[in-house]
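Engineer: Have a look at the structure that comes next, please.
The values are calculated or read from the model by the stated rules, or taken from the named source; none is laboratory data. It should be emphasised that the depicted structure is a prediction, and the values quoted were computed from it without experimental measurement. Reconstructed Cβ throughout: ideal geometry from the backbone, glycine too, with neighbour counts over all protein chains shown. Calculation scope for accessible area: heavy atoms of the full protein, side chains included, ligands and nucleic acids excluded. Shrake-Rupley method; radii C 1.70, N 1.55, O 1.52, S 1.80 Å.
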2 protein chains.
Amino acid sequence: MIKIAVDMHGGDNAPDIVLDGIEMFLKAFDDVEIHLYGDESKNRINHPGLKMHHTTEVITMDDEPVRAIRRKKDASMVRAAESVKQKETDAVVSAGNTGALMAAGLFVIGRIKGIERPALALTLPTIGNEGFMLLDMGANADAKPEHLVQYAKMASIYAQKNRGITNPTVGLANIGTEDKKGNQLARDTFNLLKEEPSINFIGNVESKALLNYAADIVVTDGFTGNMILKTLEGTANNIFKMLKETLLSSTKTKIAAGLIKKDLMQLKNKMDYSEYGGAVLFGVDGIVIKAHGSSDKKAFFNALKQARQSAKEDVTSLLKQEVTHE
Amino acid sequence: MIKIAVDMHGGDNAPDIVLDGIEMFLKAFDDVEIHLYGDESKNRINHPGLKMHHTTEVITMDDEPVRAIRRKKDASMVRAAESVKQKETDAVVSAGNTGALMAAGLFVIGRIKGIERPALALTLPTIGNEGFMLLDMGANADAKPEHLVQYAKMASIYAQKNRGITNPTVGLANIGTEDKKGNQLARDTFNLLKEEPSINFIGNVESKALLNYAADIVVTDGFTGNMILKTLEGTANNIFKMLKETLLSSTKTKIAAGLIKKDLMQLKNKMDYSEYGGAVLFGVDGIVIKAHGSSDKKAFFNALKQARQSAKEDVTSLLKQEVTHE
């Protein structure tokens, strides 16, 4: 039985979509047990697979992450993380404050010995549906070359075990594909990745090629990774917004809109990375999954599925063995 | 009379679009003189406003920038830059190798005394058509906080003189809007910009807000700036590509495509930053404009127009006075 701790009060539409996602999940799998942390008066699920744990505090989006984790001891997120630490559950899933969840991973659950910096990894869509994993998305804004090498190793193990990719390719996000491109961090990291035997490094990849599937895994520092993600999101959202305005601008375009509505929705969904689950916090001694703050029930369901898969494969033990004791 | 040196052999479609752009430009303005550097046998323009200067070498996209500038002394780009250095012309425009043009600016024309690092600045579109200037786009991948402050000062002067914006707002590209967000460089730069009296600093701006007009000027280091630009370009191009495929996928969608074709082209053009001209290399002792490598004649025309405007306002002298002697 796989036990997943869920933060009931994380995300823009919590607890509704959290509960909806859990219901979908409990219907789909019978080898799981959900440990729900939150205000029990707001839980409406009555299912043998759900264990309710009442908590009295909530971490909000405005909370300063580290302080919130330290002071709000009875927050749903903190208690859920604590259950992973105590081995009462195998994984924690939250759609709440990203910084706070990272802090909970780091200070409540703790780092894997030998991992210098945890990293937040997200699987993003590509045009051809291969998908790729981008990390770090912002856990560590000032990274060193050695950190990026650890990210590459952790993501390679994860891609093999969780996504079933044999010998996954690793690229370094850079501003050109030539070997000596980039800033000091990129150039130094390139040299280390090239010499690392345990990964399948294919060189620099440009951010304009990411959606065309440049590599299975793309590593970068947390500042750059977050910048790439937000630029990508912002550009896609704005184009779809302008497209919608264009389609509603006249009778003629409204007729056209009716004809292509379904196809356009498919296109928009293709760009929706919540289809791939949540972001994974690599390097902490337990499975921590961050669902997108604006998750709907399907996205939260996907994050739970991802937690289940990681727990089944015991990704944490694999990371411990292969990354740190070699 | 404003004299503009043009590199005939830069860009994917040179010299054709270069010559087409010049013809448009000479028709539109009678206060300009074009000094064209390149293979005179390929010039087909016969106009009193055009002076041909024959050159025998070409810098290609594959050339290593600094080496090419130093060795190919008779390259069209080098000779054009040399004419600015010798005050024979007021500005140089090229759609060629970006690195080489930056090197030509730096080593042929030279830095303005007191400017530590030149920066490449590009005006990008916004949804509401305000546009904003992003710099550095990659002239200096390893920037220091002091460099970014100089970028902000130079761009502020340029925005006032060349774009007619009174008291232009300056934002710092960051991964959150809160004051203490980001990596060490961003945090240190934030503190310096906040204390700088000569600019109108409005704080951190997130990359997802850029297309919604976050500030008139957005400063960042050359690595991040180039990463933002390429992510933006890649995302937009891929969405439009997928949209085209969707619209051609069935009879029904083809009918719709016919109805909205014109509106979609307008939307696509809105995202086209060549409408705003080329990228400007700030901090060198002359006007250097980089037109996009895939410029069409209209884009090259806009780059020439931008060079003319900068020369008319004598932006270089203003930068010298206000940035360095205060």
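Engineer: Relative contact order for chain B: what percent, with Cα pairs under 8 Å and sequence separation of 6 or more?
Structural biologist: Reported relative contact order: 23 percent.
Engineer: What fraction, in whole percent, of alpha-carbon pairs in region B:207-315 exceed 26 Å separation?
Structural biologist: That fraction is 34 percent.
Engineer: Pop the C-beta distance of A:Arg67 and B:Ile202 into the FRET formula with R0 = 35 Å and round what comes out to the nearest 0.05.
Structural biologist: Here the calculated transfer efficiency is 0.85.
Engineer: Continuing with this model, one more query. Can you tally the net charge around B:Asn191? Count Lys and Arg as +1, Asp and Glu as -1, for every other residue whose Cβ sits under 12 Å from the Cβ of B:Asn191.
Structural biologist: Neighbourhood net charge equals -2.
Engineer: Scattering from the C-alpha atoms of region B:18-89 alone, worked out with Debye: what is log10 I(q)/I(0) at q = 0.11, 0.18, 0.23 1/Å?
Structural biologist: -0.30, -0.76, -1.07
Engineer: Let me check the size of region A:176-239 from its C-alpha atoms; what are the radius of gyration and Dmax in Å?
Structural biologist: Every Cα atom of region A:176-239 included, Rg and Dmax give 12.9, 42 Å.
Engineer: Here's a follow-up. If the label for A:Asp179 sits 7 angstrom from Cα along the Cα-to-Cβ line, what are its distances to the same label in every other copy, in nm to one decimal, shortest first?
Structural biologist: A:Asp179 label point versus its equivalents elsewhere: 4.7 nm.
Engineer: Please work out how much accessible surface A:Thr89 shows to a 1.4 Å probe, ignoring ligands, DNA and RNA, in Å² rounded to 10.
Structural biologist: 10 Å²
Engineer: I would also like to ask the following. Per-residue HN-Hα couplings for region A:272-284, Karplus 6.51 cos²θ - 1.76 cosθ + 1.60 at θ = phi - 60°, whole Hz, x for Gly and Pro?
Structural biologist: For region A:272-284, the Karplus-derived couplings read 8, 6, 5, 4, 8, x, x, 8, 9, 8, 7, x, 9 Hz, x marking Gly and Pro.
Engineer: Using only the Cα atoms of chain A, build the gyration tensor, take square roots of its eigenvalues as a ≥ b ≥ c, and label the shape rounded, prolate or oblate: rounded if a/c is under 1.5, else prolate if a/b is larger than b/c, else oblate. Intermediate values should be presented prior to the final figure.
Structural biologist: Values: a/c = 1.73, a/b = 1.06, b/c = 1.63.
Judged from the Cα gyration tensor, chain A comes out oblate (a/c at least 1.5, b/c at or above a/b).
Engineer: On to the next question. To the nearest 20 Debye, how big is the dipole of the protein assembly as shown about its Cα centre, given +1 on the beta carbon of each Lys and Arg and -1 on that of each Asp and Glu?
Structural biologist: 1060 debye
Engineer: Can I ask one more? With every protein chain present, what accessible area does B:Glu178 have (1.4 Å probe, heavy atoms only), rounded to the nearest 10 Å²?
Structural biologist: Its heavy atoms expose roughly 100 Å² to the probe.
Engineer: Would you mind calculating the relative contact order of region A:238-326 from Cα pairs under 8 angstrom and at least 6 residues apart, reporting the percent as a whole number?
Structural biologist: Contact order relative to length: 20 percent.
Engineer: Could you sort A:Met265, A:Met271 by their accessible area in this structure, using a 1.4 Å probe and putting the largest first? Numbers along the way, then the final one.
Structural biologist: Values: A:Met265 100, A:Met271 30 Å².
Ranked from most to least accessible, the order is A:Met265, A:Met271.
Engineer: While we're looking at this one, here's another question. Given 20 Å bins starting at zero, what is the percent of C-alpha pairs of the protein assembly as shown in each, up to the one with the largest pair distance?
Structural biologist: Going from the shortest bin to the longest, the percentages are 18, 46, 29, 6, 0.
Engineer: To the nearest whole number, what is the average tally of beta carbon atoms from other chains within 10 Å of the beta carbons of peptide B:251-258?
Structural biologist: Whole-number average of other-chain Cβ neighbours for B:251-258 is 4.
Engineer: Please give the Cα centre distance for region B:201-267 versus region A:174-242, rounded to the nearest Å.
Structural biologist: 19 Å
Engineer: Using a 1.4 Å probe on the protein chains only, how many percent of the accessible area of the protein assembly as shown belongs to carbon and sulfur?
Structural biologist: Accessible surface attributable to carbon and sulfur in the protein assembly as shown totals 46 percent.
Engineer: Sorted from shortest, what are the nm distances separating the label point of B:Val66 from equivalent points in the other copies, each placed 7 Å from Cα along Cα to C-beta?
Structural biologist: Relative to the other copies, B:Val66 has label-point distances of 3.9 nm.
Engineer: Next question. Which of these, B:Lys254, B:Lys312, B:Lys51, has the largest mean-square fluctuation under a Gaussian network model of chain B (Cα springs below 10 Å)?
Structural biologist: B:Lys254
Engineer: How many nm separate the modelled label positions at B:Thr251 and A:Lys194, each set 7 Å beyond the Cα in the direction of the Cβ?
Structural biologist: 5.7 nm
Engineer: Per the helix-only calculation at 222 nm, which mean residue ellipticity applies to the protein assembly as shown, given -39500 (n - 2.57) for every DSSP H run of n ≥ 4 and division by its residues, nearest 500 deg cm²/dmol?
Structural biologist: Working: 20 runs with 265 residues, N = 652.
That calculation yields -13000 deg cm²/dmol at 222 nm.
Engineer: What does the accessible area of B:Tyr276 come to, in Å² to the nearest 10, when a probe of 1.4 Å is used?
Structural biologist: Counting only protein heavy atoms, the figure is 70 Å².
Engineer: Also: Report the residue, chosen from A:Ala236, A:Ala14, A:Ala279, that carries the largest GNM mean-square fluctuation when chain A is represented by alpha-carbon nodes joined by springs under 10 Å.
Structural biologist: Between A:Ala236, A:Ala14, A:Ala279, it is A:Ala236 that shows the largest mean-square fluctuation.
Engineer: At R0 = 25 Å, how high is the FRET efficiency between A:Thr177 and B:Ser294 if r is their beta carbon distance? Nearest 0.05 is fine.
Structural biologist: The pair A:Thr177/B:Ser294 has a calculated efficiency of 0.90.
Engineer: Here is a follow-up. Taking the Cα centre of region A:45-157 as origin, sum charge times position over the Cβ atoms of Lys and Arg (+1) and Asp and Glu (-1), and report the length of that vector in debye to the nearest 20.
Structural biologist: 420 debye
Engineer: While we're here: If you put a point 7 Å past Cα along the Cβ direction, how far is that point for A:Lys298 from the same point in each other copy, in nm, smallest first?
Structural biologist: Distances to the matching label points in the other copies: 3.7 nm.
Engineer: Figure the gain on full extension for A:Gln86 and A:Asn46 (residue separation times 0.36 nm, minus the Cα-Cα span) and round it to one decimal in nm.
Structural biologist: Between A:Gln86 and A:Asn46, full extension yields 11.9 nm more.
Engineer: Under a crude label model (7 Å from the Cα following the beta-carbon direction), how far is A:Thr60 from A:Phe29 in nanometres?
Structural biologist: Result for the modelled spin labels: 3.3 nm.
Engineer: Looking at A:Gly99, A:Asn43, A:His54, which one has the Cα that reaches farthest to the positive end of the dipole of region A:24-117 (charges on Cβ: Lys, Arg +1; Asp, Glu -1)?
Structural biologist: Working it through, the farthest residue towards the positive pole turns out to be A:Gly99.
Engineer: Sticking with this structure for a sec: Of all DSSP beta bridges in chain A, what percent run antiparallel (nearest 5)?
Structural biologist: Here the share of antiparallel DSSP bridges comes out near 25 percent.
Engineer: Given the C-alpha atoms of region A:136-219, compute the convex hull and give its volume per residue in Å³.
Structural biologist: With only Cα atoms used, region A:136-219 gives 92 Å³ per residue.
Engineer: P(r) tail for region A:76-206, what percent of Cα pairs lie past 21 Å?
Structural biologist: 47 percent
Engineer: Now, a different point. Pick out which of B:Val32, B:Val288, B:Val218 has the largest mean-square fluctuation in a Gaussian network model of chain B, springs linking Cα atoms closer than 10 Å.
Structural biologist: Between B:Val32, B:Val288, B:Val218, it is B:Val32 that shows the largest mean-square fluctuation.
Engineer: Could you sort out which of A:Lys261/B:Lys297; B:Lys208/B:Lys241; A:Lys153/A:Lys268; B:Lys261/B:Lys297; A:Lys27/A:Lys153 sit more than 26 Å apart by Cα distance in this structure?
Structural biologist: Exceeds cut-off: A:Lys261/B:Lys297; A:Lys153/A:Lys268; A:Lys27/A:Lys153.
Engineer: Is there a quick way to get the dipole size of chain B? I mean about its Cα centre, with the Cβ of Lys and Arg at +1 and of Asp and Glu at -1; what is the value in debye to the nearest 20?
Structural biologist: 600 debye
Engineer: Follow-up. From Cα pairs below 8 angstrom and at least 6 apart in sequence, can you work out the relative contact order of region A:32-144, rounded to a whole percent?
Structural biologist: Over region A:32-144, the number comes to 18 percent.
Engineer: Per residue, how much space in cubic angstrom lies within the convex hull of the C-alpha atoms of region A:36-132? Display every interim value, and only then the final one.
Structural biologist: On the way: hull volume 15.5 nm³, N = 97.
Value for region A:36-132: 159 Å³ per residue.
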